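The values are calculated or read from the model by the stated rules, or taken from the named source; none is laboratory data. This is a predicted model, so every value here is computed, not measured. Here the Cβ positions follow ideal geometry from the backbone for every residue, glycine too, while neighbour counts run over all protein chains shown.
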Amino acid sequence: METSLADNGERILETRDLTKTFGGLTAVNGLSLNIERGEIRGIIGPNGSGKTTLINLISGIYRASSGAIYLDGARIDRLKPNVRTSMGIIRTFQIPKVFRNMTVLENMLVPAFSDSQGDRYKYGREVIQEAEDLLRFVQLYHMRDELAKTLSGGQIMLLQIARGFIVNPLKLYLMDEPFAGVNPQIKGVIMESIKEMNREKGVTFIIVSHEMPAIRRLCGRVSVMHEGRRIAEGSLEEVANIPAVIDAYIGG
Amino acid sequence: MDSLLLSQYLIAGLVIGIIYALMAIGITFIYSIMKMINWSMGEFYMMGSYLQYFLVVYILGPHLWFVGIPISMAVIFFVGLYIQRFLLKPMFVGEMERKDEYATVITIAMMVFFRNLAVVLAGPNQFAPPDYASPTYIGPLPVSGNRFVALVGTLLILGLFYLVVRNTWVGRALRGSAQNRVGIQTAGVNVLRVDQIAFGIGVSLAAAAGALLAPIFLVWPENGAVATMKGFEIIVIGGLGSIPGSLVAGLLLGLVESMGSVLISPSFKDVYGFGLVLFLLAIRPTGLFGERQRVA
C-alpha cells in the first residue's frame, strides 16, 4: 500500500489534492487537509461549500475523482465504506441513517456483525453489555426496547451517534451536522459525549456544523470551506476575522 | 352445497395459499434487501422439485422424503450463493448506483437457461415422486396427505425463517440492509455479503416450495412458471417488500381460488386470482401492506 511521505505518526488523516466533480460541478476542489490525532476539528462554510461531500469522500460513500486520502499513512480512497468503518472511520449523516423498524438496542448491535471486526458477534453477551452501557451514556437506555421510528428527531441523532461508538477500533469520527434540529438538552448530551470520547478514548473528531457556539466550545481548530476549497484554518476567533471568510459568508 | 364440501375446499385453499406464500416471501425477501426482482424464482422452485425427486427416488428411498427437503433447500441455498457471487454481485460493484436493468436481464436469462438445462438433463417428461403420506383428517375433514405434509412443512420452514431473521446476528444484518443500505455499510457490515446470504435464503424458500409440492404438482421443466406467477400475484396483492403482506395475500389468493372453484367452476381457477389482483390494483395499488415508495 502506498504510504504518505509526511507521516510522522501524529497525523491521523490526510487528504491530498482531493477533488470530486459531479458532471460540470466541482463540489470539492483540490482540497488538502491534515487532521492531527486526538483533535476535534470543525469544518464550517456556507451551504454548498462541499463539507458534506468531503465527509462522503472520507467515509467512502463517494469515490474521489482525483487526489488521495490517507488514514494513519495508509491510502484508503479506493476502499469500500464498510472496510473503512472497520479500519476505524465512523460517520453520522445529517438525515440519520438508523434502522427504523428495529429496536434501539438492536440498532446498536448491527455493527457487531462485521467480518472485518473479528466477528465480535461471537461474544454476544459482552457486545450487548457494551451496547447497553453506551445507551446509558447517551441517556437512551430507557428507550432500548422501543422501535427506532418512535424516537424523536434528536433521539434518533443520539442513537446514530451512539451506534458509532460501539465500533472497535474507533479512530476517527465524522459528524455531519450533529446539532441540526436537536433540542438544547440533547445538544448538551451530544457535546458531552464527544468531549468524553475524545478525552477518554482519544477518538479524533471532524465535525461539520453551522452551530457556531457548539463549534467554539468543542473545536480547537476550524477549517473553513468555500466552493470546494479550504479558504482558512485556525481557531474560530482567528478565522472569523479573515476577510475571505467574511466574504464567503456574506456572499461577497 | 353441503357445508362439509365447502369447508374441505376452504382448508384446501388455505393450505395451497400458505405454500404459495412461501414463494412470495422468497421473492419479497430478496427484493427488500437487494432491491431487485428475481425473475428466475420459479426455476429455483423447479430445481428444488427435481432435487427432491432425485433424492427420494434414487438415494433416500420413499420413506425418507423428509430428509430430502432440507437437503434440497441446502443445495439450492449454496447454488444461490454462487449465482449471486458470480452473476449478480457485479451490478453492485463500483459506485453506489446500481444498474437495475442488469438484474432483470440476468435473472430472465437464468430462467431460460435452467428450464432448458432441465430438458437436456432429464428430458421434457413429467415425474411423480411417491406420496409423502396417505390421506388424513384435520378434525372431521379429510385432507390429502401430501397437502397436509406441505402445510406442516411450510409452517415449520416459515417458523425457522422468522426465528433466524428475528433473533440472530445474521438476521439483524439482513433486516438492517433491508431498512437502510447506506446505514448498514457505514456501520461496518459488508452489504454484498448480506446480499449473498439473502439471495441464498430467498431461493432456498422457493426450493422448499418445489420439494414440498413435488408429489402434488409433479416435476417437470416448466413447473416453476405457475409458482412464479402465483408468487407475483401475491406480491401485487400483499405489497412488494412486506413479508406479513405475502403471508396474508397468499392465504387470500388460495381462498379465492378454491372458493371460486367450488362456487363457480374449477375451469377458471387462475382467473379468480387475476380478478383479485385487478381489484386490488384498482383500489389499493401499493398492495394491502405495501408502503408508498419514498424517493429520497
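Going through B:Ala206, B:Ala227 one at a time, which residue ends up being within 17 Å of B:Ile69 (Cβ to Cβ), at pLDDT 90 or above and buried (at least 23 other Cβ atoms within 10 Å of the Cβ)?
B:Ala206
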Next item on the list: Would you check if there is a residue in region A:15-32 being of a type in the set (Asp, Glu) and modelled with pLDDT under 90?
Entry: no
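Condition check ((1) within 23 Å of B:Ser72 (Cβ to Cβ); (2) free of Cβ contacts under 8 Å to residues at least 24 places away in the same chain; (3) within 14 Å of another protein chain (Cβ to nearest Cβ)) across all residues:
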site	(1), (2), (3)
B:Pro142	no, no, no
B:Asn146	yes, no, no
B:Ala150	yes, no, no
B:Thr154	yes, no, no
B:Ile157	yes, no, no
B:Thr168	yes, yes, yes
B:Asn190	no, yes, yes
Margin query: It is to be established whether one or more residues within region B:14-24 are under 22 Å from B:Gln126 (Cβ atoms), without any contact (Cβ under 8 Å) to a residue 60 or more places away in the chain, in a helix (DSSP H, G or I) and among the β-branched types (Val, Ile, Thr).
Written below: no
Item checked: Matching residues in region B:158-180 - criterion: being aliphatic (A, V, I, L, M) and surrounded by fewer than 21 Cβ atoms within 10 Å (Cβ to Cβ) -> B:Leu158, B:Leu160, B:Leu163, B:Val164, B:Val165, B:Val170
Check: Of the residues that make up region A:212-220, is at least one outside any helix (DSSP H, G or I), of a type outside the set (Phe, Trp, Tyr) and surrounded by 22 or more Cβ atoms within 10 Å (Cβ to Cβ)?
Finding: yes
Margin query: Suppose we filter B:Gly188, B:Gly202, B:Gly183 for residues that are over 20 Å from B:Leu158 (Cβ atoms) and part of a helix (DSSP H, G or I); which single one remains?
Written below: B:Gly183
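To keep it simple, each residue is scored yes or no on (1) away from chain A (no Cβ under 14 Å); (2) among the charged types (D, E, K, R); (3) under 22 Å from the mean Cα position of the chain (by Cα); (4) in a helix (DSSP H, G or I).
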site: B:Leu64; (1), (2), (3), (4): yes, no, no, yes
site: B:Ile76; (1), (2), (3), (4): yes, no, yes, yes
site: B:Ile83; (1), (2), (3), (4): yes, no, yes, yes
site: B:Ala103; (1), (2), (3), (4): yes, no, yes, yes
site: B:Ile106; (1), (2), (3), (4): yes, no, yes, yes
site: B:Met111; (1), (2), (3), (4): yes, no, yes, yes
site: B:Phe114; (1), (2), (3), (4): yes, no, yes, yes
site: B:Asn125; (1), (2), (3), (4): yes, no, no, no
Notebook entry, point to check: Out of curiosity, is A:Arg163 modelled with pLDDT under 90 and within 14 Å of another protein chain (Cβ to nearest Cβ)?
Noted result: no
Item checked: Among residues of region A:132-160, those that are within 14 Å of another protein chain (Cβ to nearest Cβ), assigned to a helix (DSSP H, G or I) and among the hydrophobic types (A, V, I, L, M, F, W, C), counted -> 5
Note to self: If I filter region B:138-182 down to residues being among the small types (Gly, Ala, Ser) and touching a helix residue (DSSP H, G or I) at 6+ places or on another chain (Cβ under 7 Å), which single residue comes out as farthest from A:Phe113 (Cα to Cα)?
What the structure shows: B:Ala150
Margin query: What's the total number of residues in region A:87-108 that are within 7 Å of chain B (Cβ to nearest Cβ) and without any contact (Cβ under 8 Å) to a residue 40 or more places away in the chain?
Written below: 1
Notebook entry, point to check: Under the condition of being in contact with a strand residue (DSSP E or B) (Cβ under 8 Å, 6 or more places away or on another chain) and under 22 Å from A:Met197 (Cβ atoms), which residue from region A:63-84 is nearest to the other protein chains (Cβ to nearest Cβ)?
Noted result: A:Arg84
Next item on the list: Please state which of the following conditions A:Val104 fails to meet, knowing it meets all the rest: (1) surrounded by 23 or more Cβ atoms within 10 Å (Cβ to Cβ); (2) farther than 26 Å from B:Val194 by Cβ; (3) over 14 Å from the mean Cα position of the chain (by Cα).
Entry: (2)
